[in-house]
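Bear in mind that the values in this text are calculations on the coordinates, not laboratory data. A quick note: this is a predicted structure, and the numbers were derived from the prediction, not measured. Note that we place each Cβ from the backbone using ideal geometry, even for glycine, and neighbour counts take in every protein chain shown.
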Amino acid sequence: MSRSKRKSEWALFNDARSKAVVFVAYCILNQNSISDGTASYPGSIQELLELVCGSDVGIVQMSCPELVCLGLDRGNIDGGRYPVLEENTRIHKLMSQSPAAGTIRQLAQQLVLQISEYRNHGFDIRGIVGVNRSPTCGVDTTSRNSQEVVGKGVFIEVLRKELEKHNIHVETVGIKAFEPEKAVKTVKPLIWPIAK
Ligand code: SF4
């Protein structure tokens, strides 16, 4: 019997893992990454963390595209002095153009690769949780023209297209850190599809 044949008969991942994962925006677990003046928690969004940690679902922290592309100060040390939507609009513009746009594509492709791996091995991908109003990770709303507008952030839009290319559907929801009760309501059905 060939080695590969023997391998195929193994029951893969037959251990303690739940085989269920949820992908979350980086700043849900680490508010220290968020643009100056917009953090709502010292560390994680506690209510969401408690929700997921109390379940069998594994948490996958996605990269923070703005931190990777623009740095912690988003390329403007005075950014925090401006109204949030104005600063978000500046960030949206930078994230939409080169060189950030190329990095975003790479991040989205790496993420799709991870999602595909889980999917191909039969894992339950519960969803992706983004951050509404964000110029980058907004799902239902983003920031443009110094306003919060309906639409996706730059990263979520690219990710959506990459997922489509691979014929993968993953439920994607958006939350806001400063609306924790609403955030828990939004994310709960992904974590506990059958109410407990
Ligand atoms: S919303 Fe996205 S880009 Fe903005 S801080 Fe969170 S992870 Fe980073």
Checklist entry - Among Val150, Val52, which comes first, then next, by fewest other beta-carbon atoms within 10 Å? => result Val150, Val52
Item to check | Shape metrics for the chain, restricted to C-alpha atoms - Rg then Dmax, Å | outcome: 18.1, 68
Checklist entry - Sorting Ser143, Ser40, Ser98 on the 10 Å Cβ count, fewest up front, what's the list? => result Ser98, Ser40, Ser143
Next on the checklist: Let's see if you can work this out: charge +1 on each Lys and Arg Cβ, -1 on each Asp and Glu Cβ, no other charges. What is the dipole magnitude of segment 81-196 about its Cα centre, in debye to the nearest 20?
Outcome noted: 80
Checklist entry - Distance in nm between label sites at Val149 and Lys165, each 7 Å beyond Cα in the beta-carbon direction? => result 2.5
Item to check | Table column - 3J(HN,Hα) (Hz), segment 68-82, Karplus curve with 6.51, -1.76, 1.60, x for Gly and Pro | outcome: 5, 8, 10, x, 5, 8, 6, x, 8, 5, 9, x, x, 7, 8
Checklist entry - When only Cα pairs under 8 Å and 6 or more residues apart are kept, what is the percent relative contact order across segment 17-190? => result 25
Checklist entry - For the chain, list the DSSP H helices whose alpha carbon atoms reach 27 Å or more along the long axis and whose average Kyte-Doolittle value is -0.5 or above? => result 100-120
Checklist entry - Sequence-distant or interchain residues sharing an amide H contact under 5 Å with Lys176, placed H: which? => result Asn132, Ala183
Next on the checklist: What's the ranking of 112-123, 58-69, 24-35 by average number of surrounding C-beta atoms within 10 Å, highest first?
Outcome noted: 24-35, 58-69, 112-123
